[in-house]
Amino acid sequence: MWSILRERKTEKQLEKAPKEIQVRFEKWRDLAEVEGPLGLLRIKGFRDHSLKGEWAGARSSYLNDQWRVIYVVIAKEIKIIVMEVTPHDYRKKS
């Protein structure tokens, strides 16, 4: 079982997100808790992939054509830290 941790700003982003995105995120989270990153790779609709540039080391899954969940995997501790749930814009916000 994987632990899914969320940044504080992620909670606020999810509250502001459309209901369908909140529901899709919960499905993403449920799958990630049970199967981890490999389970996310198996579901083609999430189009899970690693990121480059400023987000190097992080991964992204599609929640729909616009919204993404950006996360980091800490395999030694079996944790996934959700960094952001945001419309598609991978520039880091300081």
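General observations
- Across the stretch 1-43, the number of residues qualifying as outside any helix (DSSP H, G or I) and among the hydrophobic types (A, V, I, L, M, F, W, C) comes to 6.
- Residue that is farthest from Glu11 (Cα to Cα) [pool: residues in the stretch 21-36 that are within 10 Å of the chain's Cα centre (by Cα) and not small (Gly, Ala, Ser)]: Trp28
- Under the condition of being over 14 Å from Trp2 (Cβ atoms) and touching a residue at least 24 places away in the same chain (Cβ under 8 Å), the residues counted in the stretch 19-54 number 7.
- In the stretch 1-30, the residues that are of a type outside the set (Val, Ile, Thr), within 19 Å of Glu77 (Cβ to Cβ) and surrounded by 12 or more Cβ atoms within 10 Å (Cβ to Cβ): Trp2, Ser3, Leu5, Arg6, Glu7, Arg29
- Close Cβ contacts (under 8 Å, 6 or more residues apart or on different chains) running from residues in the stretch 60-73 that are within 16 Å of Leu31 (Cα to Cα) to residues that are among the small types (Gly, Ala, Ser) and assigned to a loop (DSSP other than H, G, I, E, B) comprise Ile70/Ala58; Tyr71/Ala58; Val72/Gly57; Val72/Ala58.
- Of all the residues in the stretch 50-70, those that are out of contact with any helix residue (DSSP H, G or I) (no Cβ under 8 Å at 6 or more places or on another chain) and closer than 21 Å to Gln13 by Cα number 8.
Each value in this text was obtained by applying a stated rule to the coordinates, not by laboratory testing. Please read all numbers here as calculations on a predicted model, not as lab measurements. Please note: Cβ atoms are built from the backbone with ideal geometry, for glycine as well, and neighbour counts cover all protein chains shown.
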